[in-house]
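Everything on this sheet refers to the single structure shown next.
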Amino acid sequence: MPDSPVASREAALRIALAARALNGLEVRALAGALIARLEAPLTEAKLATLSVEDLRVILAGDFAEQACHVGVAADALKQAIRLLWGEGIGNQDFPLLDPYRDGEMPGSIRVAVAANRGENLDGHFGSCERFLIYQLAPEAIKLIAARTTVEADAAADRNDARAALIDDCQIVYVQSIGGPAAAKVVRAGIHPIKLTTGCGARALLAELQQRLASPPPWLARIMGVPASSLAGFEAALDADQ
């Protein structure tokens with residue numbers, strides 16, 4: 001049994017985009033149906049072998065032999081197949097990444113944003129299509145990764161797998177997160193922040209960026225520096241000594 005039923009992030013991206021094209025089909029459901037047809041692990045090569053008719057049969061399930069109407073327009077089926085083949089992915093709404101090398105922003109923190117469309121905070125922790133990963137420093141904000149959640153959603157414990165997907169981050173912004181999921185995120189060393197209204201990710205992080213120079217206690221703890229409220233007392237103590 002392979003460690004992951006989806007072999008690569010490229011394959012996961014193809015499945016996530018195809019699910020969206022199929023009237024917003026749940027990604028986990030599509031991945032499960034594809035595994036039943038192609039067997040795990042799902043690779044880019046396996047996805048490239050599918051035809052429109054194969055996909056119709058997969059979606060029809062037990063009623064395929066009766067030529068059941070699957071409730072998806074023919075154009076949507078064709079679009080989904082093209083995405084599973086890897087065609088047209090560059091035209092989707094995954095934002096462009098900024099150039100980044102590990103260690104080039106000393107003193108920075110890493111922040112995840114739950115997202116479904118473009119470069120926005122518009123997702124719930126347990127159902128978002130991707131996490132946008134930013135490196136944040138007083139002088140720069142860089143989008144360094146866009147991680148799809150398809151592989152995580154195929155795991156036995158989706159919340160554990162989603163937390164592991166962003167366990168290199170110190171903060172995660174979400175529109176919503178349940179209590180059990182929040183506990184697993186905190187256990188992974190990640191500070192969850194809920195903002196139900198959603199907004200553009202860059203604008204949100206620009207606000208956080210302004211607080212890095214004089215962080216409140218919760219942010220100082222994440223950064224591993226003294227809180228701004230204690231800075232004056234510590235300076236006075238150093239002077240006395």
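No lab work stands behind these numbers, since they all come straight from the coordinates. These numbers come from a predicted model, not from an experiment. No Cβ is skipped: glycine too gets one built from the backbone with ideal geometry, and neighbour counts run over all protein chains shown.
Taking L97, L34, L132 in turn, the Gaussian network model of the chain (Cα-Cα springs below 10 Å) assigns the largest fluctuation to L97.
Evaluate the Debye formula for the range 109-210 with equal point scatterers sitting on the alpha carbons, no solvent, and hand back log10 of I(q)/I(0) at q = 0.16, 0.20 Å⁻¹, in q order, two decimals. Relative scattering, expressed as log10 I(q)/I(0), comes to -0.59, -0.93. The sum of -39500 (n - 2.57) across all DSSP H runs of n ≥ 4, divided by the residue count of the chain, sets its helix-only mean residue ellipticity at 222 nm to -12000 deg cm²/dmol. Using C-alpha pairs below 8 Å separated by at least 6 residues, the relative contact order for the range 9-91 is 42 percent. Cross-link partners for K78 among the lysines, with Cα-Cα distance under 19 Å and sequence neighbours closer than 8 places in the same chain left out: K46. For the chain, a Gaussian network of Cα nodes joined below 10 Å ranks D160, D168, D102 by mean-square fluctuation, and the top entry is D102. Under 29 Å of direct C-alpha separation, and excluding same-chain neighbours fewer than eight residues apart, K142 reaches these lysines: K184, K194.
If you plug the beta carbon distance of E104 and C199 into 1/(1 + (r/R0)^6) with R0 = 25 Å, you get a FRET efficiency near 0.40. Remark: C128, C199 ranked as C199, C128, counting other beta-carbon atoms within 10 Å and listing the fewest first.
Along the charge dipole of the chain, which of H191, A33, L132 sits closest to the positive end, that is, farthest toward it, with unit charges on the beta carbon of Lys, Arg, Asp and Glu (+1, +1, -1, -1)? Going by the charge dipole, the pick is A33.
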